[in-house]
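> Dumping the structure here so I can ask a few things about it.
The values are calculated or read from the model by the stated rules, or taken from the named source; none is laboratory data. Because the structure is a prediction, the values reported are computed rather than measured. Here the Cβ positions follow ideal geometry from the backbone for every residue, glycine too, while neighbour counts run over all protein chains shown.
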Amino acid sequence: MAKTVYILNGPNLNLLGTREPEKYGRATLSDVEKLCRATGKRCGLAVVFRQSNIEGEIVNWVQEAAANKAVGIVLNAAGYTTTSVSILDALLAAKVPTIEVHITNIHARESFRHNSLISKAAKGLICGMGIDGYALAITGLANMILAGATGGKAKKRSGKSRP
Ligand code: CA2
């Protein structure tokens with residue numbers, strides 16, 4: 001069975017492509033999902049893609065990812081990034097390698113966006129690369145899994161080029 005990555009999106013990301021395109025671009029959340037599915041396929045990973053405006057739902061999905069032995073989580077916690085101790089605690093308990101993603105460069109924006117609580121539980125952080133950040137995160141997780149750097153056993157490459 002294919003290894004699975006969970007792609008979790010926080011509040012207001014359902015509005016992508018419909019408002020503030022100068023900040024977040026013109027791609028919709030459905031475009032992001034397509035990009036993640038295509039990238040997952042290229043990397044041999046199954047993709048679970050979700051968005052919620054509700055903090056507890058994101059906590060439940062992090063727990064679900066751990067229960068289902070997901071090999072990784074790509075998380076854009078959006079506005080919960082700087083406030084949610086509950087999502088942080090869920091990630092710390094889940095111990096699933098997590099890449100934090102932000103479409104914009106949070107460090108070039110208002111200072112209240114700088115202090116991510118999520119980063120304390122993240123293996124990596126990608127920000128400012130637009131929606132390509134999601135594809136980079138999935139590819140990075142796939143490479144980490146191949147290299148055995150996520151806590152699992154090292155795997156031999158198939159001889160094909162890197163995903
Ligand atoms: O850059 C990112 O991906 C953010 O996580 C986006 C969050 C923001 O609070 C973070 O500081 C950085 C906001 C998501 C809201 O998304 C919208 C998309 C289109 C229109 C309005 C909001």
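> Counting only residues that are more than 19 Å from Val62 (Cα to Cα) and away from the ligand (no atom under 11 Å from the Cβ), which one in segment 113-139 is surrounded by the most Cβ atoms within 10 Å (Cβ to Cβ)?
Result: Ala135.
> Would you say Val96 is at pLDDT 95 or above, more than 16 Å from the ligand (Cβ to nearest atom), aliphatic (A, V, I, L, M) and surrounded by 15 or more Cβ atoms within 10 Å (Cβ to Cβ)?
yes
> Here's another thing I want to ask about it. Which of the residues belonging to segment 79-100 are more than 22 Å from Lys3 (Cβ to Cβ) and touching a strand residue (DSSP E or B) at 6+ places or on another chain (Cβ under 9 Å)?
Thr81, Ile87
> Please verify whether segment 58-70 includes one or more residues that are within 16 Å of the ligand (Cβ to nearest atom) and in contact with a helix residue (DSSP H, G or I) (Cβ under 6 Å, 6 or more places away or on another chain).
Yes, segment 58-70 contains at least one residue that is within 16 Å of the ligand (Cβ to nearest atom) and in contact with a helix residue (DSSP H, G or I) (Cβ under 6 Å, 6 or more places away or on another chain).
> Quick check on segment 1-52: of everything there that is aliphatic (A, V, I, L, M) and in a helix (DSSP H, G or I), which residue is surrounded by the most Cβ atoms within 10 Å (Cβ to Cβ)?
So the residue we want is Val32.
> Does segment 39-57 contain any residue that is of a type in the set (Asp, Glu) and modelled with pLDDT of 95 or more?
yes
> Only residues in segment 3-27 that are within 20 Å of Ala137 (Cα to Cα) and of a type outside the set (A, V, I, L, M, F, W, C) count as the first member; pair them with residues that are within 8 Å of the ligand (Cβ to nearest atom) and assigned to a helix (DSSP H, G or I), Cβ under 6 angstrom, at least 6 apart or cross-chain, and list the lot.
Gly10/Ala78; Pro11/Ala78; Pro11/Gly79
> Here's another thing I want to ask about it. Determine whether segment 147-154 contains at least one residue that is among the polar types (S, T, N, Q) and modelled with pLDDT under 95.
yes
> Another question about this same structure. Under 6 Å between Cβ atoms, which residue pairs at least 6 apart in sequence (or on different chains) link something in segment 123-137 that is under 14 Å from Glu33 (Cβ atoms) with a partner that is among the polar types (S, T, N, Q)?
Qualifying pairs under 6 Å: Ala135/Thr39.
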